[in-house]
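Okay, so here's the structure we're looking at.
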Amino acid sequence: MHSPAHRIDTTRAHSARVYDYILGGKDHYPVDVEAGDAMCRHWPALPVHMRENRRFMHRAGHYLAREKGIRQFLDIGTGLPTSPNLHEVVQDVAPESHVVYVDNDPIVLAHARALLNSTPEGATAYVDADMRDPDAVTRSPQFRELLNPDEPVGLMIIGIMHFIEPPDDQPLVRRLLEPLPPGSYLAMTIGTGDFAPEEVGRVADEYNRQNMPMVLRDLPTATSFFDGMDLVEPGVTQVHKWRPGAGQHQVDDRDIAMYGAVALKP
């Protein structure tokens, strides 16, 4: 069996590595730098947008752990480890929390050890699987061993849906939610061109040129992902507007191309 390093294609840009580069990380290659620079030329606010998407994940995870008592989480498309990771956020509230991370990117797998430094009271695990195959996630030993099927789960799908094209997108989310018990929550971010359509459209075109097809969704489409669920206030909104903390710095709406929401599975 090949190691994760042997599965990494350094000749083509990859969304996780471009994300890492734009946010100042170290796990990328020249092809990712070239793609990231091109995207930032099209839309200089892209780093701001990406940071706010990450901050939404922190706030949503903290909210579910502190306000809703969620003690087990399933993080789909986790991306390259960047502290604080989800388990650091929720275990800071409740050290006994369990987190299962899922990604199919070999470079994430190569760095997965950073996702496994759980508190002694809690547990973390990494599943090398694609969200396009929900059964590979929900039938994995890690899912079965760490997540109690009788207790609610926080399903986190952050910064990945714009790479899932219709008509597969909403059915995939439903299939991931299906095995989770009532009382579980979905926290998700969804890319949009509603606030800077020209600039974000050019970024999407660049992703497409780099063989990373991207789909942008308007507010009604983004909201439809949560049909049948009970949205937590303030509902579906730009990520920087979802329960911002006291003293949070001001962000121009035109610099954010991501809707976010948290919703309860009844």
Just a yes or no: is a residue in the range 231-248 under 17 Å from the mean Cα position of the chain (by Cα), surrounded by 19 or more Cβ atoms within 10 Å (Cβ to Cβ) and within 28 Å of ASP133 (Cβ to Cβ)? yes
For the range 219-266, how many residues meet the condition of being touching a Lys or Arg at 6+ places or on another chain (Cβ under 9 Å) and either charged (D, E, K, R) or on the phi > 0 side of the Ramachandran plot (or both)? 5
Name, by its number, the condition in (1) in contact with a Phe, Trp or Tyr (Cβ under 8 Å, 6 or more places away or on another chain); (2) part of a helix (DSSP H, G or I); (3) closer than 20 Å to ALA45 by Cα; (4) not charged (D, E, K, R) that does not hold for MET214. (2)
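Consider LEU64 carefully, then state whether it is part of a helix (DSSP H, G or I) and of a type outside the set (Lys, Arg).
Working: part of a helix (DSSP H, G or I): yes; of a type outside the set (Lys, Arg): yes.
So LEU64 fits the description; yes.
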Could you tell me which of the residues TYR259, TYR207 is among the hydroxyl-bearing types (Ser, Thr, Tyr) and outside any helix (DSSP H, G or I)? TYR259
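Give the number of residues within the range 134-189 that are assigned to a loop (DSSP other than H, G, I, E, B) and of a type outside the set (D, E, K, R). Walk me through it before giving the result.
Restricting attention to the range 134-189, the residues satisfying the condition of being assigned to a loop (DSSP other than H, G, I, E, B) are 139-140, 147-153, 158-160, 164-168, 178-184.
Going one step further and asking which of them are of a type outside the set (D, E, K, R), we end up with 140, 147-149, 152-153, 158-160, 164, 166-167, 179-184.
Of the residues in the range 134-189, 18 are assigned to a loop (DSSP other than H, G, I, E, B) and of a type outside the set (D, E, K, R).
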If you take the residues of the range 117-144 that are among the hydrophobic types (A, V, I, L, M, F, W, C) and touching a residue at least 12 places away in the same chain (Cβ under 8 Å), which of them is farthest from ALA257 (Cα to Cα)? ALA123
Residue in the range 59-68 that is aromatic (Phe, Trp, Tyr), touching a Leu at 6+ places or on another chain (Cβ under 7 Å) and under 25 Å from HIS240 (Cα atoms) present: no
For the structure I just gave you, tell me whether ARG217 is surrounded by fewer than 17 Cβ atoms within 10 Å (Cβ to Cβ) and within 29 Å of VAL33 (Cβ to Cβ). no
So, ASP255, is that one surrounded by fewer than 16 Cβ atoms within 10 Å (Cβ to Cβ) and in contact (Cβ under 8 Å) with a residue 12 or more places away in the chain or not? no
Count - residues of the range 101-128 that are modelled with pLDDT under 95 and in a loop (DSSP other than H, G, I, E, B): 5
All conditions in (1) within 23 Å of PRO84 (Cα to Cα); (2) buried (at least 21 other Cβ atoms within 10 Å of the Cβ) are true of ASN117 except (2)
Residue pairs qualifying under the 6 Å Cβ cut-off, at least six apart or on distinct chains, with the first in the range 145-170 being touching a residue at least 12 places away in the same chain (Cβ under 8 Å) and buried (at least 16 other Cβ atoms within 10 Å of the Cβ) and the second being small (Gly, Ala, Ser) and assigned to a loop (DSSP other than H, G, I, E, B), are PRO152/GLY183; PRO152/SER184; VAL153/SER184; ILE160/GLY77
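The values are calculated or read from the model by the stated rules, or taken from the named source; none is laboratory data. Every value quoted in this text rests on a predicted model; they were computed, and no experiment measured them. Virtual Cβ from ideal backbone geometry, glycine too; neighbours counted across all protein chains shown.
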